[in-house]
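No value in this document is a laboratory result; all are computed from the given coordinates. These numbers were taken from a predicted model, which means no experiment stands behind them. Because the Cβ atoms are built from the backbone with ideal geometry, glycine has one as well, and the counts that use them run over all protein chains shown.
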Amino acid sequence: MEVVGKIIQVLPAQEGIGKNGNPWKVQPYVLETLDQYPRKVHFEVFGEDRIKQNPCDIDQLVTVSFDIESREFNGRWYTSIRAWRIQQGDTTQAAAVPAAAPAQAAPVAAPVAEQPAAPVNVDPFDASAGDGTSDLPF
């Protein structure tokens, strides 16, 4: 999955040692979408290598590719959004509209001659009129 937006917060990185003794590091961010009604999305980049490969700054426009995972602990469910790639800029719009393509006017369709509608004598209050597929009670 992907989401496009602007980085609005870079939260403090978290580090630790796993059960097997290996160190781990996670960098959380908050992104705001560019929709008509913007939404905030908290996501994480897990692993020191991925953090170095995908640096982000506040007010930077990015496209985030991520996986969503939910897990249960003591009867409660927790959901995490883990980014596996962060691309700089809005790549969805750049791919949809080539920059070198000249703007062209849309062809104008020839007007279609209107046919007069045949008069239909149907009583709107008669339940037996119509095709019988309506499930309305009136």
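Beta carbons closer than 8 Å, at least 6 apart along the sequence or on distinct chains, never pair a first residue in region 33-61 that is without any contact (Cβ under 8 Å) to a residue 60 or more places away in the chain with a second that is hydrophobic (A, V, I, L, M, F, W, C) and surrounded by fewer than 11 Cβ atoms within 10 Å (Cβ to Cβ). Summed over region 57-70, residues that are surrounded by 17 or more Cβ atoms within 10 Å (Cβ to Cβ) and under 25 Å from Asn22 (Cβ atoms) total 1.
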